[in-house]
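Student: Input: one structure, supplied below.
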Amino acid sequence: MQEVKSKVTSWLIPIGAVIAALALGAIMLLALGAEPLSGYATMFGAAFGNLKGLSATAMKSIPLLLVGVGICISFRANVINIGGEGQMVMGALWATITALSFPHLDSLMLVPLVLLMGILGGAVWGAIPGALKAYFNVSEILSTIMLNIVAVQIMNYLLRGVLIDPGEIERGTRIPQTARLPETSDLPLLFEGLRVHLGFVIALLAAFAVWVLLWRTALGFKLRSVGLSREAARYAGIPVKRSIITALALSGAMAGLAGAILVFGSESHRMVTDGSSTGFTGSAGFNGIVVALFAGLHPLWSIPSSLLFGGMLVGANALQRAAQVPSALVIALNGLIVVFVVSSEFFRRKLQQHHSARQAIEEDSRLTEENVGS
Amino acid sequence: MEQKTAPVLEMRNITKRFPGVIANDNISLTLHRGEVHSLLGENGAGKSTLMNILYGLQQPDSGGIWMHGKPVRLQSPADAIKHGIGMIHQHFMLVPSLTVAENVALGLRSKRHPLTNLKTVAHRIQELSEKYRLQVDPNAYVWQLAVGERQRVEIIKALYRDASILILDEPTAVLTPPEVDDLFVTFQQMAANGRSMIFISHKLHEVLQLSDRITVLRHGRITGETFPQETDRRQLAQMMVGREVQMAPNKSEVRPGSVMLDIEGLFAPGDRGGDAVRNLRLQVKSGEIVGIAGVSGNGQRELAEAISGLRKPRAGKVQINGTVLRTSCPKSARKAGLAYVPEERMRDGAIGDFNIKENLILLDHGDTKFCRPSGMLRFAKIKEHCNRLVDEFNVKTPDLETPTKHLSGGNIQKLILARELSGNPKVLIAAQPTRGVDIGAAEYIHKRLADERTRGTATVVISEDLDEIMALSDRIAVMYEGEIMGIVERDNASREEIGLMMAGVQRLNAA
């Protein structure tokens, strides 16, 4: 019975956090001169109200979900990966270069190949801070953030240099983007007339795969033991250093895949940046962390979580068009949700401690009672 | 004499409930002038709650406290101190960077307020220390003092506040036998001077030695009140646990076999630099239990960690069953046949957030019996294996999915033991195997260790509890400051001799 009760509260907490954030967001909407209820109606209508909206929401959720499930891996191993941005960029670059190098491969070959290269690019970019952490005890929080900047600069250099669309040079516009990538590398659309493409299915499969990895395989077991207690894992003979590198590499791999899908599923079918640090990723490398935390670091819960946050992005754009409310509002809303989730997590833990302490006492007296009987 | 005057302290019908559990159920306790009244009970029996109520830290739900025949209300430790109640905690409440005198004066209003009068304090400490044979230098810094001395400072603190009732919460936990003897002389002196004491301990022989009267608690109720001359250890244990307890496991005749664990010239660094283990040499044969006695902090933990590969030794070598271990590699030690029950069971031994099943496969989840070549775990096999272990080792748990942190200390220890022994080790290191564990579980763990001996395992038991060492070992090695002071055969060992070696006073040449 207590089990049921704790399941219910674990459901209610994120929902309560969203409601609380929306309530505070309503005040912000009022301050911006918009009517909150109709504002929210516009937002959620645009994101979930029709097929086109759902398709757009699904599209936005792809990178969030992939980065998010990667975060599930690393955070479960108690390695903090803030490098999703850079890993996305590197995955996208490796994939883009591969596509440009093999334009004549057919689709069945090229699509898996470029996605694989995306995975590898992200994995390498994740493994670097992993190795620094494992062998030199460099804080992975710092190194992953710094490698984001390095990755963006490499991207800017390449997209303005060797990778730039020759047409841009001819026209003299010099927008940092590649030429149209080979059509055989386009991700196939799922439905006629809707933008959502194969990438969404891949992201869902990846979430499932990560769940299997974490809870059904020996590797996942190792990563989780290292995450919960490095001492106990080491004592049990689990290679802690290798596990840290593996966790960051896998986490990066997911982000790299997200980057590659972003390129080959884009409408322009080019890799494009505006030169700003989040110009290519749209901050998905950071927002994925929010998605994962909101999902309680559970890969399958990350699916609805990513749809929620993807939907908010779509909704915020619609709200901006309809009511001239800056779409940056969505950043504030995201932030509020995180604050509420994290603080409710605090209360949940306290509750749980209380609960388990009581349970321990009860159990103890019950068991000793049994002892007496025997 | 007892009947003439009102008791110094009377706790009448104290009941204290916590959600879902009654910590104290209608408990009455009296304490007379000059009496040492022992309170005996397992963890969770309600001793601490009762003492917290007496010290004003908690309020009873019903019942009350009378002192010298008058009802009193103790709503905070300040109230308790005002009524002459002093508490000596198991964990010392001293500021290491202050002197003894400063620690004693801490929290007291000086007569020259706001200035201090440390000289007077120091003088009074000197008087007290002479009167009660509590040797302490008032001007020494606490960090310079050994554990035994710190204990004395705690007692002086209480005496300085003129406590007429002292609550002694397991005061002997960290002392060597000679220190315990000295402490008891002090306590008897204090009793003779009319001070009363409530002595909390689970060491039965100490309770028998010191008390005038013994009250036993179980599950928040009083299960017996008796006098030391009318009872013995066996009976006390029975009152604590509620059933017959076997004090020492039956050990079968085993002829020790070949050397399984061979440590030579081992030096291991401590956490704060320096060598915690110095030039240690020890051989353990199969079918033999070697007990390592010693006050904790004399290198025992570092020794266990160096053997198991968790700590990199500075020099020396460790051989298990003829294989020289790679240093700092827990995996190679395990491969050679080592099992290790660590001292810090919740840090090193088990993962609290993992469920029972996950903790049971922590070592061998990668073996082909539990893991397919694809890396997928074989859950059916794992479940079968875990169910068997839980049954065999009598781990009391609702199911295999229960988070390990919800189990009691004894059950967690049984779980760790189950996992470690499931691989049929050649060498077993058990560090503090029954610390903080209830008597029932301790009895069971001892039996399993004795069974391992029969099976032919070479076992090292590290313990602060000399009774445990005496009950289990074939040979006893005493560690002091990282060295083995001597090794004696169990049958020729005397507590006195071991006590002197534990204190570093006496050294035997290698046995």
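Student: So, in the range B:246-287, exactly how many residues are touching a helix residue (DSSP H, G or I) at 6+ places or on another chain (Cβ under 7 Å), in the same structural domain as B:ARG448 (by TED's automatic domain parsing), buried (at least 18 other Cβ atoms within 10 Å of the Cβ) and closer than 21 Å to B:GLU464 by Cα?
Tutor: 4
Student: Now, a different point. With the requirement that a residue be of a type in the set (Val, Ile, Thr), farther than 20 Å from B:GLY265 by Cα and touching a strand residue (DSSP E or B) at 6+ places or on another chain (Cβ under 7 Å), what does the range B:316-364 give you? It would help to see each step written out before you state the result.
Tutor: Step one: of the range B:316-364, the residues of a type in the set (Val, Ile, Thr) are B:318, B:320, B:323-324, B:327, B:341, B:351, B:356, B:361.
When the remaining residues are screened for being farther than 20 Å from B:GLY265 by Cα, the result is B:341, B:351, B:356, B:361.
Scanning the range B:316-364 gives a single hit, B:VAL341.
Student: Moving on to the next point. Kindly list the number of the only condition in (1) under 26 Å from B:GLY436 (Cβ atoms); (2) in contact (Cβ under 8 Å) with a residue 12 or more places away in the chain; (3) away from every other protein chain (no Cβ under 14 Å); (4) outside any strand (DSSP E or B) that fails for B:ASN52.
Tutor: Answer for B:ASN52: the failing condition is (2).
Student: Same structure, new question: Closer than 25 Å to B:ASP467 by Cβ, charged (D, E, K, R) and touching a helix residue (DSSP H, G or I) at 6+ places or on another chain (Cβ under 9 Å), is that true of B:ARG448?
Tutor: yes
Student: Another question, if that's okay. Please go through the range B:294-331 and pick out each residue that is within 23 Å of B:GLY257 (Cβ to Cβ) and of a type outside the set (A, V, I, L, M).
Tutor: Those that are within 23 Å of B:GLY257 (Cβ to Cβ) and of a type outside the set (A, V, I, L, M): B:SER308, B:LYS317, B:GLN319, B:ASN321, B:GLY322, B:THR323.
Student: Take the range B:329-366 and flag every residue that is in contact (Cβ under 8 Å) with a residue 60 or more places away in the chain and polar (S, T, N, Q).
Tutor: Residue satisfying the conditions is B:ASN359 alone.
Student: Further question on the same structure: Looking at the range B:470-511, which of its residues are more than 26 Å from B:GLY270 (Cβ to Cβ), of a type in the set (S, T, N, Q) and surrounded by 21 or more Cβ atoms within 10 Å (Cβ to Cβ)?
Tutor: Listed by number, the list is empty, since nothing qualifies.
Student: If A:THR281 satisfies all but one of (1) surrounded by fewer than 24 Cβ atoms within 10 Å (Cβ to Cβ); (2) in a loop (DSSP other than H, G, I, E, B), what's the number of the condition it fails?
Tutor: (1)
Student: Also: B:SER308 passes all but one of (1) in contact (Cβ under 8 Å) with a residue 40 or more places away in the chain; (2) closer than 30 Å to A:ILE238 by Cα; (3) away from every other protein chain (no Cβ under 14 Å); (4) under 24 Å from the mean Cα position of the chain (by Cα); which number fails?
Tutor: (3)
Student: Quickly run through the range A:8-52 and pick out the residues that are without any contact (Cβ under 8 Å) to a residue 12 or more places away in the chain and of a type in the set (Lys, Arg).
Tutor: Residues satisfying the conditions do not exist here.
Student: If you don't mind, there's one more thing I want to ask. For the condition charged (D, E, K, R) and either assigned to a loop (DSSP other than H, G, I, E, B) or within 9 Å of chain A (Cβ to nearest Cβ) (or both), what is the one hit in B:LYS381, B:LYS405?
Tutor: B:LYS405
Student: Next question. Would you check if B:GLU401 is within 29 Å of B:GLU244 (Cα to Cα) and either in contact with a strand residue (DSSP E or B) (Cβ under 6 Å, 6 or more places away or on another chain) or in contact (Cβ under 8 Å) with a residue 24 or more places away in the chain (or both)?
Tutor: Taking the combined requirement at face value, the residue does not satisfy it.
Student: Of a type outside the set (Val, Ile, Thr), crowded, with 19+ Cβ neighbours inside 10 Å, part of a loop (DSSP other than H, G, I, E, B) and in the same structural domain as B:ILE14 (by TED's automatic domain parsing), is that true of B:LEU134? Give the steps one after another, and end with the answer.
Tutor: Working: of a type outside the set (Val, Ile, Thr): yes; crowded, with 19+ Cβ neighbours inside 10 Å: yes; part of a loop (DSSP other than H, G, I, E, B): yes; in the same structural domain as B:ILE14 (by TED's automatic domain parsing): yes.
Taking the combined requirement at face value, the residue satisfies it.
Student: Look through the range B:421-444, keep the residues that are surrounded by fewer than 24 Cβ atoms within 10 Å (Cβ to Cβ) and touching a Leu at 6+ places or on another chain (Cβ under 8 Å), and return whichever of them is modelled with the lowest pLDDT.
Tutor: B:GLY423
The values are calculated or read from the model by the stated rules, or taken from the named source; none is laboratory data. Computed from a predicted model, the values in this text were never measured in an experiment. Glycine also receives a Cβ, built like all others from the backbone with ideal geometry; neighbour counts cover every protein chain displayed.
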